[in-house]
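The values are calculated or read from the model by the stated rules, or taken from the named source; none is laboratory data. Every value quoted in this text rests on a predicted model; they were computed, and no experiment measured them. Quick reminder, even Gly has a Cβ in these numbers, built from the backbone with ideal geometry, and neighbours come from all protein chains shown.
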Ligand SMILES: O=P(O)(O)OC[C@H]1O[C@H](OP(=O)(O)OP(=O)(O)O)[C@H](O)[C@@H]1O
């Protein structure tokens, strides 16, 4: 399972909780809470979108509330955030499930659009731009060879613009066409790019990577000139082929797919990024 419980220890430090998840023979998810536990629940982190982890989160919230404590969740990969329209309306179904846990704070990272977080109670949205900068150029004014940020499609323009502003670089826009019903991609185009220097493509999710392979082919740039930052590395299907097009691929561990062999060149700790936003 991809759920982690953090607790406040008697020493005052936060550390991994002694609470564990378990499954009954019938399949139900629950928690094992050691006797005489002298820790206080701090926050739970669910990475990925496994419904069993969400049920475990609900169990933990019920446990924390039962003891009179706050229940705070880091939910960096907001499940079904991409299902932000149509029927079934996935973002709404997941939001209603999450809201039923009555969490006191839900911290999400770079959600696909504003639709899904708008339906989550007590939500805190953390954007990717400062972390894109830190993971790529470091300090503004330092030496680097990036000459621009690329938004791979219309939906990425807002986050890519925020990253470009943080990096003090120009933004270049690309376009892609996807059939929402089938998920199939067809056709890419991109603004004229500089003749030299590296370009950083910034987006929220890399699933099978078709968007980024298509974009790389449309630009005609060599892999040495292309880097990719995606907040959520699902890295399904042919994602390893991205390394043929991007010399550098950076993501967070917000989804278990991020650890897939042969895709990311750098994986940031999402707990390190989001823990400072936990309200006590
Ligand atoms: O790795 P891939 O399989 O190519 O998927 C990744 C792309 O899919 C998502 O956008 P999506 O096309 O769902 O955006 P939309 O809301 O505009 O349909 C995401 O924002 C990426 O751009």
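Tabulated data for the structure shown
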item: Test: residue in the range 102-109 that is within 15 Å of residue 205 (Cβ to Cβ), outside the structural domain of residue 155 (by TED's automatic domain parsing) and buried (at least 18 other Cβ atoms within 10 Å of the Cβ); result: yes
item: Which listed residue is within 15 Å of the ligand (Cβ to nearest atom), free of Cβ contacts under 8 Å to residues at least 12 places away in the same chain, exposed (fewer than 13 other Cβ atoms within 10 Å of the Cβ) and part of a loop (DSSP other than H, G, I, E, B), from 143, 182; result: 182
item: Filter result (under 20 Å from residue 177 (Cβ atoms), in a loop (DSSP other than H, G, I, E, B) and more than 12 Å from the ligand (Cβ to nearest atom)) within the range 201-244; result: 220
item: The range 69-90: number of residues that are over 25 Å from residue 23 (Cα atoms) and either modelled with pLDDT under 95 or not in a helix (DSSP H, G or I) (or both); result: 9
item: Residue list for the range 162-177, filter: more than 18 Å from the chain's Cα centre (by Cα) and crowded, with 16+ Cβ neighbours inside 10 Å; result: 164, 166, 167, 169, 171, 172, 173, 174, 176
item: Odd one out for residue 192 among (1) away from the ligand (no atom under 16 Å from the Cβ); (2) in contact with a helix residue (DSSP H, G or I) (Cβ under 8 Å, 6 or more places away or on another chain); result: (2)
